Amino acid sequence: MALFDVIIVGGGASGLMCAAVAAQGGKQVLVLEHNTKCGRKVLASGGGNCNFTNLDVGPGDFQSSNPHFAKSALSRYPSRSFIELIEEYGVTYFEKKMGQLFCKEGAERVLDVLLGECKKEGVTVTTGCEVNKVSQGESHFTLTAGPHVFEGKNLVMATGGLSFKGLGATDFGYRVAAQFGLNRITTTPALVPLLCGGYKKLAGLSLPVAVSVQKKTITDDFLFTHWGFSGPAILKASLYWESSKPVSLDFLPGQQIPDLIEAARHKGGAKSLNRLLSHLLPSRFLEYWLEKVVPVPDKDLQNYTQKEIKAVSEAFHAWTFVPQGTEGYKKAEVTKGGIDTNDLSSKTMEAKAVKGLYFIGELVDVTGLLGGYNFQWAWSSGFAAGKALAGE
């Protein structure tokens with residue numbers, strides 16, 4: 001039986017990156033993927049175009065119980081490094097908005113780069129191989145996958161989080177961590193739609209908003225759904241939301257209703273609130289909001305009192321609700337929480353108490369915003385572990 005220098009469980013973004021980097025250092029590397037094909041999340045991401053990184057990535061774009069943990073890995077392998085890698089393979093890409101980079105030719109091209117790097121460095125990739133048992137001896141780890149047994153001097157867990165169960169997500173990585181005594185920060189669905197009943201009549205309607213939650217304010221597109229609220233603004237806000245906490249929406253970011261009313265009063269023109277806001281908000285939303293939410297009847301602007309103007313302003317600029325929950329892991333982009341960073345080295349991603357055991361990617365308690373940040377964490381954490389395994 002061959003004894004590998006490194007066995008990586010999980011052939012996704014972080015696992016393949018780690019494998020290629022470790023192999024570049026002359027290590028014999030084995031990747032075990034339980035799906036029949038590597039990188040299924042890579043292929044499904046970004047509507048099939050893979051939002052593979054962001055032009056502007058920093059530790060502040062991530063949520064973690066230790067906000068400093070990601071600094072080392074991100075500084076050693078920034079977004080520019082991955083961009084240069086895919087450019088070497090002739091991959092073309094485009095910026096959609098806010099620094100988000102997508103592959104022009106489809107997500108398959110990004111996966112081709114990762115697999116190409118692994119092939120070039122002689123990495124052994126075995127798919128359709130589900131590991132169900134891990135044990136550690138004096139000098140190596142032993143992994144069992146059905147009738148198959150594999151041995152490695154080092155073990156890297158890159159099995160991902162709990163989101164996208166349909167793509168093969170499991171809790172195996174967390175179970176291995178628990179087996180070796182590592183702590184797990186509570187895991188919850190993140191970058192996920194929020195539930196809030198009563199707005200089905202507005203389902204499908206999208207508009208820009210500013211969402212405020214837990215002292216964070218995010219400006220982006222918002223979407224009404226049959227079950228509540230979604231869109232990039234809400235998905236990003238869900239990363240910071242905690243159960244039973246309120247969320248506030250500003251439907252007119254950059255505007256101030258009191259100023260708009262005052263200007264209209266002096267200049268003439270629009271006589272009602274509906275007319276005043278009709279060029280700023282979708283008509284379906286405006287009609288519904290004036291009828292169902294705004295506590296003051298729509299009337300001639302000259303007749304509004306200061307108290308009424310304040311009430312109108314709050315209904316548009318600071319409308320607050322408490323989500324009934326989220327749509328769960330089935331709709332979540334990522335898993336928030338994970339392996340406690342206090343139990344890992346920020347430089348190498350190795351478990352402090354278990355020599356040769358590493359955790360990378362979504363398994364770790366480092367969760368990024370929507371927009372390519374979580375893929376960048378996969379590249380950076382995979383690179384950090386790969387370099388450590390290579391002895392660099």
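Would you confirm whether or not region 124-138 contains a residue that is charged (D, E, K, R) and in a helix (DSSP H, G or I)? Looking for residues that are charged (D, E, K, R) and in a helix (DSSP H, G or I), one finds none in region 124-138, hence no. In region 285-302, the residues that are in the same structural domain as residue 317 (by TED's automatic domain parsing) form Cβ pairs under 8 Å with partners that are part of a loop (DSSP other than H, G, I, E, B) and of a type in the set (S, T, N, Q), at six or more places apart or across chains, as follows: 286/278.
Can you find a residue that is buried (at least 24 other Cβ atoms within 10 Å of the Cβ) and within 15 Å of the chain's Cα centre (by Cα) anywhere in region 336-343? Looking through region 336-343, at least one residue is buried (at least 24 other Cβ atoms within 10 Å of the Cβ) and within 15 Å of the chain's Cα centre (by Cα).
Considering 178, 210, 237, 233, the condition of being surrounded by fewer than 21 Cβ atoms within 10 Å (Cβ to Cβ), in the same structural domain as residue 318 (by TED's automatic domain parsing) and either on the phi < 0 side of the Ramachandran plot or not aliphatic (A, V, I, L, M) (or both) is satisfied by 210 alone.
This table checks each residue for (1) hydrophobic (A, V, I, L, M, F, W, C); (2) part of a loop (DSSP other than H, G, I, E, B); (3) at pLDDT below 95; (4) within 25 Å of residue 186 (Cβ to Cβ).
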residue	(1), (2), (3), (4)
74	yes, no, no, yes
82	yes, no, no, no
98	yes, yes, yes, no
102	yes, no, no, no
108	no, no, no, no
113	yes, no, no, no
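Contact map, region 111-128: first residue without any contact (Cβ under 8 Å) to a residue 60 or more places away in the chain, second residue among the hydroxyl-bearing types (Ser, Thr, Tyr), Cβ cut-off under 6 Å, separation 6 or more or different chains; pairs are 113/89.
Screening residue 121 against (1) modelled with pLDDT of 95 or more; (2) of a type in the set (Asp, Glu); (3) out of contact with any helix residue (DSSP H, G or I) (no Cβ under 9 Å at 6 or more places or on another chain) leaves a single unmet condition, (3).
Going residue by residue through region 164-179, is there one that turns out to be of a type in the set (Val, Ile, Thr) and under 15 Å from the mean Cα position of the chain (by Cα)? Give the derivation first.
Taking region 164-179 first, the residues of a type in the set (Val, Ile, Thr) are 170, 176.
Next, from what is left, pick out any that are under 15 Å from the mean Cα position of the chain (by Cα): none.
Within region 164-179, not a single residue is of a type in the set (Val, Ile, Thr) and under 15 Å from the mean Cα position of the chain (by Cα).
Residue check: is residue 94 in a strand (DSSP E or B) and either without any contact (Cβ under 8 Å) to a residue 40 or more places away in the chain or surrounded by fewer than 18 Cβ atoms within 10 Å (Cβ to Cβ) (or both)? Explain how you work it out, then say what you get.
Details: in a strand (DSSP E or B): yes; either without any contact (Cβ under 8 Å) to a residue 40 or more places away in the chain or surrounded by fewer than 18 Cβ atoms within 10 Å (Cβ to Cβ) (or both): yes.
Taking the combined requirement at face value, the residue satisfies it.
Here region 226-262 is the region considered, the condition is being polar (S, T, N, Q) and not in a loop (DSSP other than H, G, I, E, B), and the residue that is nearest to the chain's Cα centre (by Cα) is 238.
The values are calculated or read from the model by the stated rules, or taken from the named source; none is laboratory data. What you are looking at is a predicted structure, and each value in this text was computed from that prediction instead of being measured. FYI the Cβ positions are ideal-geometry reconstructions off the backbone, even for glycines, and counts take in every protein chain you see.
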